[in-house]
Structure formats: structure tokens, C-alpha cells
1. Within the stretch 47-93, how many residues are hydroxyl-bearing (Ser, Thr, Tyr) and either in a loop (DSSP other than H, G, I, E, B) or assigned by TED's automatic domain parsing to the domain that holds residue 325 (or both)?
2. If you go through the stretch 122-131 one residue at a time, do you hit one that is of a type outside the set (A, V, I, L, M, F, W, C), within 22 Å of the chain's Cα centre (by Cα) and in a helix (DSSP H, G or I)?
3. Looking at 355, 320, which one is more than 22 Å from residue 20 (Cα to Cα), surrounded by 17 or more Cβ atoms within 10 Å (Cβ to Cβ) and at pLDDT below 95?
4. Consider residue 84 carefully, then state whether it is crowded, with 18+ Cβ neighbours inside 10 Å and under 30 Å from residue 39 (Cα atoms).
5. For the structure I just gave you, tell me whether residue 159 is within 17 Å of the chain's Cα centre (by Cα) and either modelled with pLDDT under 95 or not assigned by TED's automatic domain parsing to the domain that holds residue 28 (or both).
6. Suppose we filter 270, 280 for residues that are part of a strand (DSSP E or B) and surrounded by fewer than 23 Cβ atoms within 10 Å (Cβ to Cβ); which single one remains?
7. Would you tally the residues in the stretch 133-155 being aliphatic (A, V, I, L, M) and within 16 Å of residue 183 (Cβ to Cβ)?
Amino acid sequence: MNRMLTAQDDEPPSGSKGNPLKEFRPAGRGFWSDVPEHNWTDWHWQLKHRITSLDQLQQLMPTLTPEEYAGTLLANTKLALAITPYFFNLIDPADENCPIRRQVIPRIEETETASWEMSDPCGEDSHSPVPGLVHRYPDRVLFLVTDRCAAYCRYCTRSRLVSNATGYDFHPQFDQQLDYIRQTPQIRDVLLSGGDPLLFSDAKLEHLLQRLRAIPHVEFIRIGSRIPIFLPQRITPEFCAMLKRFHPLFMSIHSNHPRELTTEVRDALGRLADAGIPLGNQSVLLRHVNDDPEVMKAQVQKLLMCRVRPYYIYQCDLIAGSAHLRSSVRQGLAIMEQLRGHTTGYAVPQYVIDAPGGGGKVPVSPEYVLSRNHDRVLIRNYEGKVFEYPEADDGTPLFPAPRHIAEPELV
């Protein structure tokens, strides 16, 4: 058995300007170096050979800590263990706080639930008019298509549902979901998520997209997926050619750390971009993973090099058992201070908290407006310098009452 290879072991820097966090390197083969190339690059092979048990994990990484050992023993009571061989090779077995390791290897802390944590922190179940469909915002819906993922993030907001470790027994009802969309004309935007929609075969996903495209008021479709990060082998030229037929089609990927952006991921994202699919990234702020200004800056800048627009940084949801991974809002604001003005605006995502219980995404940002009245607005810039801007007298009240839009009736 060969020694573990990590991203640090491979090719020389490319376009990093001396910053190792911004280097593009292949993930390497590690323990799978004897696997034929045609198998390694086959996404079905990667799924079939995922690490899913404590025995496999111990064989591949004998440096498991007591917390990881105990957490893995109990993993299937909350959220299953699954890691693709490709993604496993990004783990540094010598570093307990490796940012990749913390995201996918269970820890005993997952069994500890704080009083403010919840099984459904975003209130999705209470906004579901039919099973598998969440209608929280007026003009868009979340369409859950599966409870399976290529690998399982230990902070998963839907850990009650994905992998069925908790016995949630999720079964999407595509006919009911599509009928609700068809009968609700204000819905113009459909987000496919789960689980991960890209685990479907090309034919199955194509059929679902065809059915959505047949609904006249659905203007565009989004897909939320971590497959390009966990399993870039899935993003084949044939798959991209199929997606290209359903424009306007957007994709939100999920990368949390610059080490995840390998040459394989860069090439997969390039194939999607070449197919005309606008790409955005959603990160979750995680303790000892990316709650550091320099790490986050490298992440967002590297995403742009992959032709992906940093879209959101989420404050970690109050999912049960996630306290050990949750960084503070204070630290999130400090990171935003170090992005705004310190790198291109294209690289600056929006920092949001998904309001507990189903309140939706609430933008959170440092205070740049210091004061305002009828005559002027006092603002500060990224350097802390203060400026005055004259306020236009357009006849509107200084603090207009927010206009309430009634939520659609859920049936």
C-alpha cells in the first residue's frame, strides 16, 4: 500500500504568486495509485469505492483521534459517513485540524446538542406544501430530488434527511412537486437540491429538466451541487452538453477551502462554464476550516480563476451537533472587512445568516453607513476613512415602513 499523497505532493505552483493556498494542484491517487486511469476517472467507480465504514477509515488513516474514532462509531445515528477516494486524498493525515478532514470525518462532538440547535434550523418542513418542495419565498421554490450525496458534510443543514441515518425516510414525489409548481404561476425560479441532483444519471436529470422546462412560468432553473468538488469526474463533456439544452440554467457549487480547488475541479468547472452555465459558490463559515481572512481571500480569488463567482458565505446553521464547527458572527464580519476593498468586488460574496426557524436569508455586513438624515449620509470606506455624501430630497420619508408582501397560501 502506497503512502498517502496530498495536494502538497504534486505538481509545482501555477499562478499562485507565491501563495500556496492559491496553487492549483491535482488531488493525486494516494492509496489508489494502482487503479487504472479509466477506473479512477469514472465517477461510478468513485462512488462504488467510497469510504463508508470505520474499518476502511482506520486502514487508510491510522492517525484517527479518539474523538474521530468515537464519532465514526456513532456516525450512522445522525449522518452517514461517505467520502470519495478522490476527495479523501485531499486530507492531511498528520494534521488533526486539516480543513478537509474536519468537514467529512465524524467527531464525537456531533452527538452533543446545544439548547439552541435544531434538527430543521431553516424551517423547511414547515414551508413544504407537498413532500420534497419548500416554498419560502414568493417567486421561487426549493425542489428536493434525493437524500443521497457523494460525500457527507458533517455540518449538513439537512442531516435530518440526507443519508436516512435518522430514519426520516425521504421519498420525493416528483408528480406532486411538479403539479404544485405548475399550479402556482408566481413561481419563476426552481432550485434543484437534495441530497445532490448530480448523482442522477444524465437521462434521469434530463427528463426532470424537460418536465420543468415545459412549465411556461418557470423562467430559469438552478442546481445546487457539491459534486464538482467531491466528484469532478462526474462533470463529463456529455453531461455538460445535455445541460446546455436547458438554458437559462445556473449552478451553485459548494467549496469551503482553497485546497478543494484542484486541477481536476478547475477543469470540471471550466467544462460547465464553457457550456454557458453561470457558476456561483456558496461557502459555509466553519471553525478551523475557513474562518481566517487570508484563507477566505485565497478561496474567493481562486474561485474566480475557476470562473466561479463567490456568491454567499453562510453563517453555519444551528443544526444539532455542529457547535464544534461553528465560528462566530463577529469573525465572519471581520473576514468581510478584509475582503471589501482589499480584493476585486467580483470576489466579495454576501455574508448571510439563514434566520433560525424559517426566516430566510438575512444579509449581514460591517457598518459602512455611520449616520444619515435629510441632508447627508456619513459613510466610511474600507480604510476607515469617513466621507460625507449629500442626500437628495426626493420627497420620500426618511425611514419608510417596509412593504409587506404576503406569503403565498400553502396548500
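1. Initial filter on the stretch 47-93 (hydroxyl-bearing (Ser, Thr, Tyr)): 52-53, 63, 65, 69, 72, 77, 84, 86.
Right, trim to either in a loop (DSSP other than H, G, I, E, B) or assigned by TED's automatic domain parsing to the domain that holds residue 325 (or both) and you get 52-53, 63, 65, 84.
Counting residues in the stretch 47-93 that are hydroxyl-bearing (Ser, Thr, Tyr) and either in a loop (DSSP other than H, G, I, E, B) or assigned by TED's automatic domain parsing to the domain that holds residue 325 (or both) gives 5.
2. Applying the first criterion (of a type outside the set (A, V, I, L, M, F, W, C)) to the stretch 122-131 yields 123-129, 131.
If we keep only those that are within 22 Å of the chain's Cα centre (by Cα) too, we end up with 123-125, 127-128.
Still in the list and also in a helix (DSSP H, G or I): 125, 127.
Yes, the stretch 122-131 contains a residue that is of a type outside the set (A, V, I, L, M, F, W, C), within 22 Å of the chain's Cα centre (by Cα) and in a helix (DSSP H, G or I).
3. Values: 355 fails: surrounded by 17 or more Cβ atoms within 10 Å (Cβ to Cβ).
Criteria check complete, one pass: 320.
4. Numbers: crowded, with 18+ Cβ neighbours inside 10 Å: yes; under 30 Å from residue 39 (Cα atoms): yes.
Here the answer is yes, as residue 84 does meet what is asked.
5. Details: within 17 Å of the chain's Cα centre (by Cα): yes; either modelled with pLDDT under 95 or not assigned by TED's automatic domain parsing to the domain that holds residue 28 (or both): yes.
Yes; evaluated as a whole, the condition is true for this residue.
6. Residue meeting the stated conditions: 280.
7. We begin by selecting, within the stretch 133-155, every residue aliphatic (A, V, I, L, M); these are 133-134, 141-142, 144-145, 150-151.
Narrowing the set further to residues that are within 16 Å of residue 183 (Cβ to Cβ) leaves 133, 141.
Residues in the stretch 133-155 being aliphatic (A, V, I, L, M) and within 16 Å of residue 183 (Cβ to Cβ): 2 in total.
Here is a yes/no grid of residues against (1) surrounded by 20 or more Cβ atoms within 10 Å (Cβ to Cβ); (2) on the phi > 0 side of the Ramachandran plot; (3) not assigned by TED's automatic domain parsing to the domain that holds residue 354:
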position: 95; (1), (2), (3): no, no, yes
position: 130; (1), (2), (3): no, no, no
position: 138; (1), (2), (3): no, no, no
position: 185; (1), (2), (3): no, no, no
position: 197; (1), (2), (3): yes, no, no
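The values are calculated or read from the model by the stated rules, or taken from the named source; none is laboratory data. Quantities reported herein were computed from a predicted structural model and do not represent experimental measurements. Methodologically, a virtual Cβ is constructed for each residue, glycine included, from the backbone with ideal geometry; neighbour enumeration extends over all protein chains shown.
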